[in-house]
Amino acid sequence: MTKLKICGLKDYDSANIAIESGADFLGFVFVPGARRCLEINHAKKIIEKLKIKHTDKLPNLVGLFANQTIGRVNKIVNNLNLDLAQLCGDENHEYVKAIDIPTIKQVKVVEYNQLDISIAKVREQVESILSYGSMIVLDKYESSSYGGTGKKFNWDIAAELSGNYNLILAGGLNCDNIVEAISQVAPWGVDVSSGIETDGIKDEGKIKKFSASVLQSPR
């Protein structure tokens, strides 16, 4: 079954709905200046409340970071007892090795005029990152953006690679296209944030609809 990551959560209610809808990963943003950035104390209150409600087992808790100091990242992940750190900046191999918990590394997909060039460039990045143990999320490249862009890239690139690598597909996914995305790409997992929002706020109905579509879609 396709794994589901719901990202950019900012409040308990949305996170609770995500859990009850079957999310495998919950994403919390700690990138200064990002629209969905959380204060550490606020994130801690959300997580502690979730642990009380879901005493059996929480989904994997993921913190999102971009070009922050290793010390800062490790302080946050240990304070909040996170399961994974998603790195969305220019972090290198040595940086990743210094993080105290497993990582997800974002690969920004650059689309060239020739599809085979795009695929080759992404494949090179994927193999390099996998060699030092990170999981991988594919998202669209935008020079001015760290983290998710909320925009779709050419899924043919991901489809060419997903048979050989466990990839998380992100970028422009929503309730209207998620079934098509899974059918075309067959990713190991999918990652959504803006696609389940209305006017920038997580939408309960969209969370439930998106999650149901993922859970019902064969890979």
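The values are calculated or read from the model by the stated rules, or taken from the named source; none is laboratory data. The structure presented is a predicted model; accordingly, all values stated were derived computationally and were not measured. Virtual Cβ from ideal backbone geometry, glycine too; neighbours counted across all protein chains shown.
Looking only at region 179-209, residues that are touching a Phe, Trp or Tyr at 6+ places or on another chain (Cβ under 6 Å) and without any contact (Cβ under 8 Å) to a residue 60 or more places away in the chain come to 2 in all.
Of the residues that make up region 162-169, is at least one surrounded by 14 or more Cβ atoms within 10 Å (Cβ to Cβ), in contact with an Asp or Glu (Cβ under 8 Å, 6 or more places away or on another chain), modelled with pLDDT under 95 and within 25 Å of Asn92 (Cα to Cα)? Within region 162-169 (the criterion being surrounded by 14 or more Cβ atoms within 10 Å (Cβ to Cβ), in contact with an Asp or Glu (Cβ under 8 Å, 6 or more places away or on another chain), modelled with pLDDT under 95 and within 25 Å of Asn92 (Cα to Cα)), the answer is no, since none of the residues qualifies.
Taking every residue in region 103-123 that is small (Gly, Ala, Ser) and pairing it with any residue that is in a helix (DSSP H, G or I) and surrounded by 19 or more Cβ atoms within 10 Å (Cβ to Cβ), at least 6 positions away or on another chain, the pairs with Cβ-Cβ distances below 6 Å are Ser118/Ile157. Of all residues being among the β-branched types (Val, Ile, Thr) and part of a loop (DSSP other than H, G, I, E, B) in region 100-134, which is nearest to Val31 (Cα to Cα)? Just the residue, please. Ranking the qualifying residues of region 100-134, first place goes to Ile101. Quick check: anything in region 62-72 in contact with a Ser or Thr (Cβ under 9 Å, 6 or more places away or on another chain) and under 25 Å from Gly205 (Cα atoms)? Taking every residue of region 62-72 in turn, none turns out to be in contact with a Ser or Thr (Cβ under 9 Å, 6 or more places away or on another chain) and under 25 Å from Gly205 (Cα atoms). Inspect all residues belonging to region 167-181 and state whether any of them is assigned to a loop (DSSP other than H, G, I, E, B), among the acidic types (Asp, Glu) and on the phi > 0 side of the Ramachandran plot. Within region 167-181, not a single residue is assigned to a loop (DSSP other than H, G, I, E, B), among the acidic types (Asp, Glu) and on the phi > 0 side of the Ramachandran plot.
Selection within region 46-61: residues that are touching a residue at least 12 places away in the same chain (Cβ under 8 Å) and closer than 15 Å to Asp13 by Cβ. The member of this set that is surrounded by the most Cβ atoms within 10 Å (Cβ to Cβ) is Ile46. Scanning region 195-219 for residues that are surrounded by 14 or more Cβ atoms within 10 Å (Cβ to Cβ) and modelled with pLDDT under 95 yields one hit, Ser217.
The single condition among (1) out of contact with any strand residue (DSSP E or B) (no Cβ under 8 Å at 6 or more places or on another chain); (2) surrounded by 16 or more Cβ atoms within 10 Å (Cβ to Cβ) that Leu84 does not satisfy is (1). On inspection, Ser145 passes the criterion of being at pLDDT below 95 and more than 17 Å from Leu9 (Cα to Cα).
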